[in-house]
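Mind having a look at this structure? Questions to follow.
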Amino acid sequence: MATLRDNTVTIESSKIQSVTYAGTAVVSQGQPMEPPPMINNQNPTQVITFKAGRHKTYEVADGFNAVCGGASHEFCPSSLGAVEPDELNFYFSIKINWAWGSSTELYLGQGNNGNNNWWIGGNSVQTVNGQGRLVVLDGDKPRTFILSGGISSFVLSEL
């Protein structure tokens, strides 16, 4: 039987003004979900809880990989060497609203490599040789953040 669960991930950066839901939520077939995710904007840490069932499928991972743009636009600090997820429980979209006034749409997905690890992806994410970066615009000026974190957290450290 499918069980609705609280699935929580955090994003930490003093440069984030707020995080909002961007309108997309995908779960494995037969799993329950209750969008939108609950977002507690506590600077510098944004706490995001998405209520959904957990059942890993290739179909959800394929959808995440497609909307993000593939392995070079996805990052997981605890992926155990994987460059993109093979299976995900679910994914959803968020918008990060930056302190300088612009915003960035990203996707968050929960994997299941034994510990419900989280992935982040989107056009602004760049992964090269296992290192993740987030490149966003401040007007015409690019700002680059190193991505790090743990099983259920992301830390954005500006270069």
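A short reminder: the numbers here are calculations on the coordinates, not readings from a lab. Remember, predicted model here, so these are calculated numbers, not experimental data. Don't worry about glycine lacking a Cβ; one is built from the backbone with ideal geometry, like all the others, and counts go over all protein chains shown.
Which order do peptides 82-91, 108-117 fall in by mean Cβ count within 10 Å, highest first?
Put in order of decreasing packing, that is 82-91, 108-117.
Let me have the relative contact order for region 5-158, percent, based on Cα pairs under 8 Å that are six or more residues apart. The partial results should precede the final answer.
Values: 393 pairs, mean separation 37.7, N = 154.
Value for region 5-158: 24 percent.
Related question: Return the whole-Å distance between the Cα centroid of region 17-62 and the Cα centroid of region 107-149.
The two parts, judged by their Cα centres, are 16 Å apart.
While we're here: Only Lys, Arg, Asp and Glu count, each charged at its Cβ (+1, +1, -1, -1), so figure out the dipole size of region 1-90 about its Cα centre, rounded to 20 debye.
280
Tell me the label-point distance for the pair V128, S72, using the 7 Å Cα-to-Cβ offset, in nm and rounded to one decimal.
So the two model labels end up 1.0 nm from each other.
Sticking with this structure for a sec: Take the cross-link list K51/K95; K56/K95; K15/K56 and give me the ones stretching past 30 Å between alpha-carbons.
Among K51/K95; K56/K95; K15/K56, the Cα-Cα distance tops 30 Å for K15/K56.
Sorted by average packing, counted as other Cβ atoms within 10 angstrom per residue and highest first, what order do 35-44, 50-59 take?
Details: 35-44: 14.3, 50-59: 18.2.
Taking the mean over residues of other Cβ atoms within 10 Å, the ranking is 50-59, 35-44.
Residue by residue, what Karplus-based ³J(HN,Hα) values in Hz, rounded to whole numbers, does region 140-156 have, using 6.51, -1.76 and 1.60 with θ = phi - 60° and x for Gly and Pro?
9, 8, x, 10, 10, 10, 7, 9, 8, x, x, 4, 10, 8, 10, 10, 10
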